[in-house]
């Protein structure tokens with residue numbers, strides 16, 4: 001969280017992004033002590049009743065409190081990587097929204113195998129608008145109303161379950177009455193969600209002992225496919241269809257991640273499936289060379305800009321979250337390394353579910369978009385001469401990728 005400063009004349013200076021949120025509105029001191037000041041907008045329609053930071057107070061503590069006292073309103077969490085909003089009615093969760101790319105409705109439908117990546121690519125930025133996405137999918141008969149309902153419920157559950165893993169961040173609660181007209185309003189027991197979420201956290205650790213990575217590759221042992229349950233047979237069918245990662249096998253099987261891991265765990269436990277760290281006989285090839293070229297360019301910019309701009313790493317993480325579709329999917333969950341490059345293995349796994357002919361183009365476009373935004377920052381920070389030198393070095397590095405693309 002950026003810091004505000006107080007000068008000797010008692011004037012308070014807010015960081016520019018925060019100041020823009022309030023504009024010219026007056027601020028009221030709502031709560032104060034020797035260790036804190038809580039400011040709220042004087043004309044705020046819905047008052048902020050509770051705010052604080054996670055740590056000694058956990059997500060479970062907060063949700064239990066609001067459930068016990070049957071509060072209605074919006075509980076917002078600002079976390080590393082994004083924001084989550086839980087909508088409460090009389091203490092029960094009736095809706096949940098998230099700015100994390102993997103938790104928008106389009107990605108949830110994709111992860112459940114209800115739609116393919118090409119559908120989200122056609123929609124572009126419209127895929128981030130939940131109402132527009134639902135309208136498009138239903139009008140084109142790409143999914144059923146039942147698929148949408150199940151995905152919305154699954155989305156809300158995933159948002160809550162993932163929230164339980166956060167130990168740091170800030171929260172605020174605005175008291176307000178919720179509209180009954182929302183077609184996506186659910187009826188879920190907060191206490192049941194908490195108990196299920198905590199159970200899943202424990203069991204997931206157990207599953208990962210035998211299935212250590214979603215990017216690993218499952219293999220069937222011999223012909224040991226007799227006596228399988230329906231869900232196990234579905235998983236095995238997808239494993240047999242080709243070199244697919246654990247993540248893609250689960251997606252094509254139509255299971256959510258947790259349920260798919262549980263099925264796969266039991267297959268591995270019985271010795272019917274083994275997990276390999278890399279796809280046998282598969283090399284990243286030209287995709288890997290393209291990634292290496294762009295990573296060289298990213299490293300050059302990071303080295304030059306971070307010398308002057310200490311928070312450049314955080315800015316890059318913000319840029320990754322703001323990328324439009326389909327770029328946000330290509331770079332989804334890619335770890336930003338200490339040198340400013342991206343985890344190649346995660347990106348290659350994201351590409352696994354796409355058509356072969358599209359992989360190189362989409363990869364280059366996604367990385368090119370990120371580089372373009374970083375170059376814009378470099379011009380602002382380094383000045384005309386130094387930025388021109390850095391960008392020339394980036395172009396030389398990424399020229400290798402363009403040469404590969406030109407051959408295909």
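Would you pick out the residues in region 1-24 that are assigned to a loop (DSSP other than H, G, I, E, B), touching a residue at least 12 places away in the same chain (Cβ under 8 Å) and surrounded by fewer than 11 Cβ atoms within 10 Å (Cβ to Cβ)?
1, 2, 3
Using the structure shown, decide if residue 166 is closer than 30 Å to residue 275 by Cα and at pLDDT below 95.
On the way: closer than 30 Å to residue 275 by Cα: yes; at pLDDT below 95: yes.
It is true that residue 166 is closer than 30 Å to residue 275 by Cα and at pLDDT below 95.
Taking the residues in region 46-71 that are more than 25 Å from the chain's Cα centre (by Cα) and over 25 Å from residue 33 (Cα atoms) as candidates, determine which candidate is surrounded by the fewest Cβ atoms within 10 Å (Cβ to Cβ).
69
I'm told residue 177 meets every condition in (1) touching a helix residue (DSSP H, G or I) at 6+ places or on another chain (Cβ under 7 Å); (2) surrounded by fewer than 17 Cβ atoms within 10 Å (Cβ to Cβ); (3) outside any helix (DSSP H, G or I) except one. Can you identify the failing condition by its number?
(1)
Among the residues of region 133-147, is any touching a helix residue (DSSP H, G or I) at 6+ places or on another chain (Cβ under 9 Å) and either in the same structural domain as residue 323 (by TED's automatic domain parsing) or touching a residue at least 40 places away in the same chain (Cβ under 8 Å) (or both)?
No, there is no match, as no residue in region 133-147 is touching a helix residue (DSSP H, G or I) at 6+ places or on another chain (Cβ under 9 Å) and either in the same structural domain as residue 323 (by TED's automatic domain parsing) or touching a residue at least 40 places away in the same chain (Cβ under 8 Å) (or both).
Scan the helices (runs of 4 or more DSSP H) fully inside region 65-154 and keep the ones with 2 or more residues being more than 24 Å from residue 320 (Cβ to Cβ).
Values: elements: 105-111, 117-123, 130-139.
In region 65-154, the matching helices (runs of 4 or more DSSP H) lie at 130-139.
The values are calculated or read from the model by the stated rules, or taken from the named source; none is laboratory data. Computed from a predicted structure; not experimentally measured. Cβ sites come from the backbone with ideal geometry, for glycine too, and all protein chains shown count toward neighbours.
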